[in-house]
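The values are calculated or read from the model by the stated rules, or taken from the named source; none is laboratory data. Predicted, not measured: the structure shown is a model, and the values here were computed from it. No Cβ is skipped: glycine too gets one built from the backbone with ideal geometry, and neighbour counts run over all protein chains shown.
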Amino acid sequence: VQLQAFGGGLVQAGGSLRLSCVASGRTSSNGVMGWFRQAPGKEREFVAGIRWSGAMATYADSLKGRFTISGDNGKNTVYLQMNSLKPEDTAVYFCALSRLISVVPRRESDFGSWGQGTLVTVSS
């Protein structure tokens, strides 16, 4: 499976962006798609995850209410809608695929396939 994330860009604080991640070569309807981000000088952190079935959307506690993850199984695409963006949301955002089916993991090590990342810059 190859993952391609896109939709990043420059946005002013308070604005919105929607990231997309397309999974090519996907042969299973199971698994979990996740979004992570890595800010300059910081470790990569979990943002959100969702099962391909659309169930069990899970978020980092600090992002609940501003970010929404969703998926379109037919298009093999997962989205991350980001609202009320803040300068501290500036980061490279990565999508990733986990083969786990019973839970939505939050650890990087539980995700085996990664996209190339898309840069989100939020100006103050």
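Observations on the model:
- The combined condition, being of a type in the set (S, T, N, Q), under 19 Å from Ala5 (Cβ atoms) and in contact (Cβ under 8 Å) with a residue 24 or more places away in the chain, is fulfilled by Thr58.
- Ser123 passes every criterion in (1) touching a helix residue (DSSP H, G or I) at 6+ places or on another chain (Cβ under 6 Å); (2) of a type in the set (Gly, Ala, Ser); (3) modelled with pLDDT of 95 or more apart from (1).
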